[in-house]
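One structure is given here, and the rest of the page talks about it.
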Amino acid sequence: MLWEAVAFAVLGFAVSYAATRLLPARLPATPLVLATGPVAALGGGLVAHTIFGGGRPEMTLPGALIVAVALLSLLARPGRHSPLT
C-alpha cells in the first residue's frame, strides 16, 4: 500500500504540474494547484483501493487519475471571451 500511495502522489503531482504549464492563465496560484493534485490523487486512490482491493494497480491508478483531473478542473476559471460584434 505504501508504494501505491507514493505512486498516487507522484501521479497527482504530474497532473497538476502539467495543468500549470498548459493552462497558466485559467488556474489560480501555482502552489494551490500543485498541492491539490497529489491530495486529490491520494483521495481517489484510497477510494479506488477500497472498492477494487489491494494489488490492482491497473484499476487504482486510473481511479486516482480521474479524481485528480476532476478536482483540478474545479479550480479552473472561465477563459476570457471576445465580445460579439
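The values are calculated or read from the model by the stated rules, or taken from the named source; none is laboratory data. Everything numeric in this text was worked out from a predicted model, so none of it was measured. For neighbour counting, all protein chains shown are included, and Cβ atoms are generated from backbone atoms with ideal geometry for every residue, glycine included. Ligands, DNA and RNA are stripped out before the accessible areas are found, and what is left, the full protein with its side chains, is counted by its heavy atoms. Shrake-Rupley method; radii C 1.70, N 1.55, O 1.52, S 1.80 Å.
Within segment 1-19, residues that are free of Cβ contacts under 8 Å to residues at least 24 places away in the same chain have Cβ atoms under 8 Å from residues that are of a type in the set (D, E, K, R) and surrounded by 15 or more Cβ atoms within 10 Å (Cβ to Cβ) in no pair, counting only partners at least 6 apart in sequence or on another chain.
Say we look at segment 2-47 and pick out the residues that are farther than 18 Å from Ala64 by Cα and among the polar types (S, T, N, Q); which of these is modelled with the highest pLDDT? Filtering first and then ranking leaves Thr20. From the residues in segment 46-71 that are small (Gly, Ala, Ser), at negative phi and more than 11 Å from the chain's Cα centre (by Cα), which one is most open to solvent (accessible area, probe 1.4 Å)? Selected residue: Gly54.
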